[in-house]
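The values are calculated or read from the model by the stated rules, or taken from the named source; none is laboratory data. Computed from a predicted model, the values in this text were never measured in an experiment. Cβ: placed from backbone, ideal geometry, glycine included. Neighbour counts: every protein chain shown.
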Amino acid sequence: MLKPVTFTPIGVVRTPFPDRVSAPRQPHAAAGAEGTIELVPGRGLEHALCDIEGWDYLWVVFWFHLNEGWRPKVLPPRSAGKRRGVLSTRSPHRPNPIGLSVVKLLGVDGLSLRVGGVDMIDGTPVLDLKPYVPYADAYPHARTGWVAPLAPGEAPADPEPGFEVVWAERAAEQAAWLLSAHGVALRERVDQVLALGPQPHPYRRIRPDGDAMRLAVTSWRVRFRADGRRIEVLSVATGYREKELWSGEGPELAAHRSFVEKFGRG
């Protein structure tokens, strides 16, 4: 009988992503996102960080702290609608909710590490840091299972190079207004999600919407159409029902109310 294992986090990650929906699915999809790893004081970790500045990249071992339970089979975004065994994927819904991401080390200030390419939710507990060693950690010709089977001697490439996301004039105006008037950075989040594809998918909250599709990003709804590998964002709308919209208080509802007053319900 295996004994339970207990971990004590050594720090926490601070990122721009408040929830699962806004967080990128992999570090390579978060190339422009920066964050901070804040280690806990009083444990001698300032000495543990000695010499870490010499590494360009770090492995971050972390805890999927918002997960409850796990799933033997999952539906990854790029699995063409087929469920896969969770241990053959990088899904967060694991028997033990432990994550592993590589980040770029941008700087060290005491117990704070500034990093790039973060794909973790804000507040994620950090269990360990390890240096990324290129000659030991990279196997360029390794097989990639169900993602993209390789021919002998073939170097791997992203099997789906991504979708081009363009914004119609009205949608671009709405997103720009949300950013300038209320600090809601909706466009960047939408681009990250739709670059993975337009298919209806529960993990990305994409659903059919008449002759188009609808993406839910937090409390906002984004309508779009796809043509081949080109996705056009058509419009933005509030996700609040009429009664909810006018019955509460707070900055989020204020943003939605002023949006509806300016643009209508979409």
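Can you name the residue in region 240-266 that is surrounded by 16 or more Cβ atoms within 10 Å (Cβ to Cβ) and free of Cβ contacts under 8 Å to residues at least 60 places away in the same chain and is also farthest from residue 191 (Cα to Cα) among such residues?
245
Residues in region 74-102 that are touching a Ser or Thr at 6+ places or on another chain (Cβ under 9 Å) and in a strand (DSSP E or B): how many?
Quick first cut of region 74-102, residues touching a Ser or Thr at 6+ places or on another chain (Cβ under 9 Å) only: 74-76, 79, 84, 89, 99.
The next check asks that each one be in a strand (DSSP E or B); those that pass are 74, 84, 99.
Total satisfying the criteria: 3.
Checking the structure you have, find out if any residue of region 240-259 is of a type in the set (A, V, I, L, M, F, W, C), assigned to a strand (DSSP E or B) and closer than 20 Å to residue 173 by Cα. Reasoning before the result, please.
Narrowing region 240-259 to residues of a type in the set (A, V, I, L, M, F, W, C): 245-246, 253-255, 259.
Applying the additional criterion that residues be assigned to a strand (DSSP E or B) yields none.
The answer is no; no qualifying residue exists.
Being in contact with a helix residue (DSSP H, G or I) (Cβ under 7 Å, 6 or more places away or on another chain) and either at pLDDT below 90 or surrounded by fewer than 17 Cβ atoms within 10 Å (Cβ to Cβ) (or both), is that true of even one residue in region 27-49? Outline the logic, then answer.
So in region 27-49, the residues in contact with a helix residue (DSSP H, G or I) (Cβ under 7 Å, 6 or more places away or on another chain) come out as 29, 39.
Still in the running and either at pLDDT below 90 or surrounded by fewer than 17 Cβ atoms within 10 Å (Cβ to Cβ) (or both): 29.
Yes: region 27-49 contains one or more residues that are in contact with a helix residue (DSSP H, G or I) (Cβ under 7 Å, 6 or more places away or on another chain) and either at pLDDT below 90 or surrounded by fewer than 17 Cβ atoms within 10 Å (Cβ to Cβ) (or both).
Say we look at region 52-71 and pick out the residues that are touching a Lys or Arg at 6+ places or on another chain (Cβ under 9 Å) and at pLDDT below 95; which of these is nearest to residue 138 (Cα to Cα)?
64
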